[in-house]
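Only one structure is covered here, and it is reproduced in the block below.
The values are calculated or read from the model by the stated rules, or taken from the named source; none is laboratory data. As the structure is a computational prediction, the values presented were derived from the model and not from experiment. Here the Cβ is made from the backbone with ideal geometry for all residues, glycine too, and neighbour counts use every protein chain on show.
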């Protein structure tokens, strides 16, 4: 019986992961050396917590970064820092608009 009660809870947690938007799908992580021809748009930060595991939190935080970059009109980002714990992940990055990659 406990197992049956855990199923809806697990599904609800999995549904909390950030989805990648169509625009976010075109955003790529680049290196600092690749940013020479790019225009800096600004710093961004995204976090995720209480996912099924650390990997899901990380994936969801990166999806949020990509979506934020796209909302700013960018198509690339450089990660400046990440922090992962057992309960959350925070990704800080710089957004860029680069010539078509």
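For the range 50-65, taking the residues that are under 10 Å from residue 88 (Cβ atoms) and surrounded by fewer than 16 Cβ atoms within 10 Å (Cβ to Cβ), the one that is modelled with the highest pLDDT is identified as 54. Residues in the range 38-49 that are within 13 Å of residue 94 (Cβ to Cβ) and loosely packed, with under 15 Cβ neighbours inside 10 Å: 39, 40, 42, 43, 45. Looking only at the range 14-37, filter to residues that are part of a helix (DSSP H, G or I), under 21 Å from the mean Cα position of the chain (by Cα) and exposed (fewer than 14 other Cβ atoms within 10 Å of the Cβ); which one of those is modelled with the lowest pLDDT? The selected residue is 14.
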